[in-house]
Amino acid sequence: MIDIKLIREQREYVKKEMEKLFVSVPIDEIFELDESKRRLLYDIECLRNARKTLSKEIASEKDEETILMKKAKVKRINESIKFQEDELNIVGGRFKTLMLSVPNLPGRDVPVGKDETENAVVSYFNEKKKFDFTPETHYKIGQKRDLIDFERGAKISGTRFYILKKGFARLQRALINFMLDVHVTYHDYEEVYPPYMINEECLIGTGQLPKFADNLYKDEDSGLWFVPTAEVPVTNMYRSEIFNAEDLPIKHVAYTACFRKEKMSAGKDTKGIKRGHQFDKIELVKITTPEAAKEELLSLIADAQDILNRLDIPHRLIRICTGDLSFTASEKFDIEVYAPGINEWLEVSSCSDFGSFQARRANIKFKRNKSSKAEYVNTLNGSGLALPRVMIAVIENYQTKDGRIRIPNALKSYFGTEEFI
RNA sequence: GGAGAGAUGGCCGAGCUGGUCGAAGGCGUUCGCCUGCUAAGCGAAUGUAUGUCCUAAUAGAUGUACCGAGGGUUCGAAUCCCUCUCUCUCCGCCA
C-alpha cells in the first residue's frame, strides 16, 4: 500500500509515477473517497462526543424527567451515528479495496520502460561452457536415464507435476543444503523453517492478495492458503511488530516448497521442469531501515549470485524497468542462468526492494530510539535460489557426451565419493 | 475430538455486583533532586492509531477509537450476552 498522504498532498505526482508503470489507477476516485471518509469520520466523532457528554450527565442527574429527556436525545444521536456509520462502511470498504489494488511507486532510479523488452542487462557473469557435442535438454536426459518421471507425475497429480528420481532427487536435496549452508555460513542469514500453509492476512500483508488470488491454492475448509513463496510467511513473522533500529537489518533464509496455479501461464513453459505447480525455493528476506535498503538490496543480489559463482554457472543480471516491475516492488533485479540444452536464459531469482509498501500493509515498523515515533521498515527479498531452474542449469551445463552429469566441485561434499550422476 | 481455566498498557497485576476507567498498584524506563562513586531515597513524566485547530515543526491544544477479534444489550460496556481466535490444564487419538 502506498501512503495515502501522497495522494492527498501530491496527487499529480502520484499520477505521473503511475503512468511510468503503464497501468491505470483510479487516483482521483481514491482521493474523493478519502475526503468523504474523513468527513464522515469527523461527523461521527462529534456525535459520539455529544453522546458521551450526555451519558455522563445522566449518571449524575437526579431529576427523573430530565433523565428521560436526555436518554431520548442520546437515542436520536445513536440513530444518526448508525446512519453515518453505514455510509462510512460503504465508503471505507470501497476505499480500502482500491488502496489495496494500487501498485507500489517505482524507485527513483528505476529506468522507465514499457515492458520486459526494455529491461537492461547489467552484466554477464561466468563464461558459457564450450561443448564438443550438441548439449542435450535436461528433460531428455532425465527421461533417457530415468531420473525424471513426467508420466507418473501426471498420473498421480496431473499436468505440471513430475517426479525426480535417484541422482536428480539427490542433486536437488544437495542443492537445497548447499544454498542454505552458504547463506547461513558465509552471508550471515538466520535460517527459519516456516509453515507452508498460512492465513489470509499474510497474503494481504505481502501483496499477493487480493490481486493474485487466481494463482494461489487454498484449503477452503480451514481458510488457509498454500505458500506461493517463503517471502510470505517469513516477512509476515513480524506483522504488527516494532523493531529497535539497532536490531536491523533482519536477515532470514528459508527453504520451502512453493505452490502456484500458473493459470496465467497456461500453455507456456510446459516442457521440462521449468514451471510446475509445486517447486522448491530458497528465499532470502531482509527487513531494514529505509536508508539502508539500497545497499542491502545490492548485497542480497550478490549473495544470490554467489551461489551461481560457486557452482560456476553462467548467468546475467537484469535491471527491471518501470513497466515490468511487479505489483509490490519499487526496485527489482532479476538473475537469469544460461541453460545450453534448451538454449534459454532462465530466471532463478528476482531481488526486490519493496520500500514501505509491504510494511504498510503488514504494519511492520521500527523506532530509531526509545522516544522516537515508529516508522515503517523497508522489506526486501529475493530467491537464493529457485531449485528447478538451478537444477536445469546444473544438469545442462555439467552434462557429458555420454549423457552423465558431472558433480560441480561445490557440491562434492554432499555426494560422498560419487563424481557423476 | 471431549471437559475446564484464561486473554487488561513495555512487563507483572487489580478492576469484571455497568457510569467518577485510558484504566489502581508494582516493576521497568526517562528527567530532576540528593549523594565522594555506586546503590538506596525523594519528586515528576512515561501506550498506540487517527482526525480537527494552530504551527517552522514528528512542537502544542483538543476530539475519537483501542482492555484477544467481531457482533449484541444499554442513555452509557474492560465490566453483561453471543460468535470466533489463541494460550494453559486434564482426558482421548495420533506421525
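The values are calculated or read from the model by the stated rules, or taken from the named source; none is laboratory data. Keep in mind that what you see is a predicted model, and the values were worked out from it rather than measured. Don't worry about glycine lacking a Cβ; one is built from the backbone with ideal geometry, like all the others, and counts go over all protein chains shown. Ligands, DNA and RNA are stripped out before the accessible areas are found, and what is left, the full protein with its side chains, is counted by its heavy atoms. Shrake-Rupley method; radii C 1.70, N 1.55, O 1.52, S 1.80 Å.
Worth a mention:
- Selected residue (only one of A:416, A:403 is under 30 Å from residue A:166 (Cβ atoms), of a type outside the set (Val, Ile, Thr), in contact (Cβ under 8 Å) with a residue 60 or more places away in the chain and surrounded by fewer than 20 Cβ atoms within 10 Å (Cβ to Cβ)): A:403
- Residue check for residue A:75: out of contact with any strand residue (DSSP E or B) (no Cβ under 8 Å at 6 or more places or on another chain) and surrounded by 13 or more Cβ atoms within 10 Å (Cβ to Cβ): no
- Residues considered: A:29, A:17, A:12. Of these, the only one that is part of a helix (DSSP H, G or I), more than 16 Å from RNA strand B (Cβ to nearest atom) and surrounded by 16 or more Cβ atoms within 10 Å (Cβ to Cβ) is A:17.
- Residues in region A:134-169 that are surrounded by fewer than 16 Cβ atoms within 10 Å (Cβ to Cβ) and touching a Ser or Thr at 6+ places or on another chain (Cβ under 9 Å): 1 in all.
- Qualifying residue in region A:69-83 (condition: more than 8 Å from RNA strand B (Cβ to nearest atom), in a helix (DSSP H, G or I), β-branched (Val, Ile, Thr) and within 43 Å of the chain's Cα centre (by Cα)): yes
- Criterion violated by residue A:66 - all others in (1) of a type in the set (Val, Ile, Thr); (2) under 27 Å from the mean Cα position of the chain (by Cα); (3) not assigned by TED's automatic domain parsing to the domain that holds residue A:297 satisfied: (2)
- Selection of first residues in region A:49-70 that are within 14 Å of residue A:81 (Cβ to Cβ) and modelled with pLDDT of 85 or more and of second residues that are near RNA strand B (Cβ under 6 Å from one of its atoms) and open to solvent by less than 90 Å² (accessible area, probe 1.4 Å), restricted to Cβ pairs under 6 Å at least 6 apart or on distinct chains, gives the following pairs, ordered by first then second residue: A:51/A:74; A:54/A:74.
- In region A:249-284, the qualifying residues are those that are modelled with pLDDT under 95 and among the hydroxyl-bearing types (Ser, Thr, Tyr), and the one that is most open to solvent (accessible area, probe 1.4 Å) is A:270.
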